[in-house]
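Just below is one structure, and these are the notes that go with it.
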Amino acid sequence: MSGTMNLLIGLAMGFSLLALASSRLPSVIRAAAFQGMILGTLPLLLEEKFHWLVVAVAIGTITVKGFIIPNLLRRALRAANIDREVEPLIGFVPSLLLGAAAIIGAAALGSELPLRPEHAKTLLVPGSFATVVCGFILLMARTKAISQVCGYLILENGIYLFGLLLINTTPLLVEAGILLDLTVAVFVIGIIVDRIQREFDTLDTRKLTSLRE
Amino acid sequence: MIVALDIILRLAAWLLLAPLLPGIINKVKAWVAGRRGPPVLQLYFDLAKLWRKSVVLSTAVSPAHVAGPAAAWIAIITAALLLPVGPAGASCSFRGDALLFVYLLAFARFCIVLAALDTGSAFEGMGVAREVSYAVLAEAAIITALLTLCVQSGSVSLATMLAPSAGAGAALLAAGLFGVLLAENCRVPFDDPNTHLELTMIHEVMVLDHSGPPLAAILHGASLKLLLFAVLLTEAVLPLGKLSLLQAIGALVASVFVVAIAIGLVESLLARLAFRRVPLLLTTAFLFCLFALLVAWKGGRL
């Protein structure tokens with residue numbers, strides 16, 4: 001069971017590297033969506049007893065992160081009619097290497113932390129650190145608003161992974177609330193992206209730093 | 001006596017079977033494209049034809065132009081003899097031969113590069129620059145892969161390293177080594193072995209000015225290198241050392257065949273990458289090997 005979970009978390013880390021390496025916006029969105037779907041199945045593996053609330057939250061997470069949010073982003077992409085190239089501030093190879101360094105660092109850090117015995121043998125903590133850092137790199141190293149949203153989603157996936165450590169004590173309603181917040185945030189960003197595109201004729205967020213009347 | 005016979009048998013197997021691999025790959029490509037394609041034994045005919053031809057030398061070249069391919073061929077054959085074959089082990093094995101293996105491959109490349117530069121043509125220099133800059137990244141990956149096997153088996157001798165399987169990270173290692181195989185042997189998506197378009201050639205550029213027996217040595221050396229990487233990939237992933245000799249040889253032949261088909265399919269289904277995208281792909285191969293190393297290192301504790 002811990003083997004399956006580690007495999008899934010490893011796959012999720014692979015998807016965050018894929019997001020860092022891909023040069024097209026749709027594939028970045030797809031990577032973030034697959035990562036969300038993989039992580040959405042984890043509560044089912046973590047919980048020993050079958051509980052309908054856990055199943056509901058897992059299904060909700062998979063639907064929202066795997067289908068609703070990517071569709072919102074794709075719609076924003078289509079509506080704003082932007083070209084699909086990712087414009088990196090840090091090149092693909094350096095950001096990929098940074099992501100790999102983050103994963104190795106997280107694995108080293110994870111083995112140093114005093115974790116509870118049931119968590120020490122899983123990749124939950126290293127996986128969440130690595131995913132958060134990869135999300136940050138994607139947020140910082142890309143100029144387009146859509147890829148920054150994907151960075152934010154990957155970052156949230158990392159925090160969600162960390163939250164799984166406390167699955168026995170946190171009410172699952174909190175998870176559901178976070179999911180709702182996330183959907184609303186992406187929905188709002190979808191509208192904002194359209195507005196930015198109309199106002200500035202670009203989605204390059206560097207242009208947003210200067211104020212004008 | 002037995003040792004000498006063993007070495008001769010292995011040598012004959014390596015030398016005779018190697019040109020089969022490009023034939024199989026070409027057959028797979030022809031099959032996917034719906035053509036009949038050249039016969040599987042085409043490279044043998046080509047080598048025989050080249051061997052009979054005389055050497056045409058430019059006035060600018062030094063003896064290194066002819067000596068380079070020969071030295072490279074010998075280096076590759078020596079590297080091949082270091083690889084173990086299942087439970088039979090290698091014909092020559094000692095502590096640290098994994099390093100010698102890497103250096104022999106690098107030496108072979110150095111010799112080919114030297115022979116290419118020796119023609120004094122700027123065009124060949126361009127191909128050399130590309131080949132060497134890819135090699136830097138590919139070598140990082142193959143050294144990491146060997147390091148993974150070292151950590152996994154706790155040994156620095158190829159015969160012991162390659163006997164067990166690569167453990168939990170085997171899939172990662174296989175992906176990484178397959179990428180290295182494609183890059184080192186100048187296959188699609190890194191280089192196209194069929195292209196003769198000036199601006200896109202890499203390996204072909206370097207051998208343009210060679211003719212006759214030296215070209216035969218280069219072509220045969222390239223096929224040997226392909227077989228060598230296919231065998232390395234198989235032995236790194238499958239626990240061949242744990243099987244009986246016949247089983248191991250059967251598994252080895254079958255998986256080399258599978259690797260050849262995989263290369264053929266990759267060549268038919270993928271387009272060649274633009275030059276600026278190649279480092280990204282090679283970095284990916286390196287990272288696959290690196291994560292296999294991470295799994296080998298941490299895997300014991302998880």
Step by step: find N for chain A, compute 2.2 N^0.38 Å, then divide the Cα radius of gyration by it. What's the final number? 1.04
At what distance in angstrom do the alpha carbon centres of segment B:181-242 and segment B:89-131 lie from each other? 12 Å
With unit charges on the beta carbon (Lys/Arg positive, Asp/Glu negative), name the residue among B:Gly37, A:Met13, A:Ile196 whose Cα is farthest towards the positive pole of the charge dipole of the protein assembly as shown. B:Gly37
Modelled label-to-label distance, B:Thr59 and A:Ile159, 7 Å Cα→beta-carbon offset: nm? 7.6 nm
Would you compute, from DSSP H runs of 4+ residues alone, the mean residue ellipticity of chain B at 222 nm, taking -39500 (n - 2.57) per run and dividing by the full residue count, rounded to the nearest 500? -23000 deg cm²/dmol
Using 0.36 nm per residue of separation minus the Cα-Cα distance, give me the extension gain between B:Ala271 and B:Ala122 in nm, one decimal. 50.9 nm
Label-point gap, in nm, between A:Leu53 and B:Leu16 - each point 7 angstrom along Cα→Cβ: 7.3 nm
With each label point set 7 Å from Cα along the Cα-Cβ vector, what nm distance links A:Ile178 and B:Thr78? 5.9 nm
XL table B:Lys27/B:Lys298; A:Lys49/B:Lys242; A:Lys121/B:Lys242; A:Lys65/B:Lys29; B:Lys29/B:Lys242; B:Lys49/B:Lys242; Cα-Cα > 31 Å flagged, in table order, is B:Lys27/B:Lys298; A:Lys49/B:Lys242; A:Lys65/B:Lys29; B:Lys29/B:Lys242; B:Lys49/B:Lys242
Going toward the positive end of the dipole of the protein assembly as shown, with +1 on Lys and Arg Cβ and -1 on Asp and Glu Cβ, which of B:Gly89, B:Ala75, A:Leu153 do you reach last? A:Leu153
Mind pulling the per residue volume of the convex hull built on the Cα atoms of segment B:2-298? Å³ is fine. 127 Å³
Which whole-angstrom value gives the distance between the alpha carbon centres of segment B:140-177 and segment B:24-43? 33 Å
Give, rounded to the nearest 20 debye, the magnitude of the charge dipole that the protein assembly as shown has about its Cα centre when Lys and Arg contribute +1 at Cβ and Asp and Glu contribute -1 at Cβ. 640 debye
By how many nm would the segment from B:Ala33 to B:Val3 lengthen if fully extended, with 0.36 nm per residue of separation less the alpha-carbon distance? 6.2 nm
Solvent-free Debye scattering, log10 I(q)/I(0), computed from the Cα coordinates of the protein assembly as shown at q = 0.10 Å⁻¹: -0.89
To the nearest 20 debye, segment A:2-206 has a Cα-centred charge dipole, built from +1 on Lys and Arg Cβ and -1 on Asp and Glu Cβ, of 340 debye
Take A:Ile167, project a point 7 Å from its Cα along the Cβ direction, then tell me which residues of segment A:94-134 have their backbone nitrogen under 19 Å from it. A:115-132
Amide H partners (placed H, <5 Å) of A:Arg24, local residues excluded: A:Val86
Nearest 10, in degrees from 0 to 90: the angle of helix A:2-21 to the longest Cα principal axis of chain A is 10 degrees
Suppose R0 equals 35 Å. What FRET efficiency, 1/(1 + (r/R0)^6) with r the Cβ-Cβ distance, do B:Val102 and A:Arg116 give to the nearest 0.05? 0.20
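Counting Lys and Arg as +1 and Asp and Glu as -1, each charge on the Cβ, what is the dipole of segment B:2-298 about the Cα centre in debye, to the nearest 20?
Around 540 debye, computed over segment B:2-298.
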R0 = 22 Å: FRET efficiency of A:Ser27 with A:Thr205, Cβ-based, nearest 0.05? 0.65
Explain nothing, just compute: Karplus ³J(HN,Hα) = 6.51 cos²θ - 1.76 cosθ + 1.60, θ = phi - 60°, for every residue of segment A:117-123 in order, whole Hz, x for Gly and Pro. x, 6, 9, 5, 8, 9, 8
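Where a number appears in this text, it was derived from the coordinates with a stated rule and is not lab data. Values in this document were obtained by computation on a predicted structure and should not be read as measured data. Glycine gets a Cβ as well: all are built from the backbone with ideal geometry, and neighbour counts include every protein chain shown.
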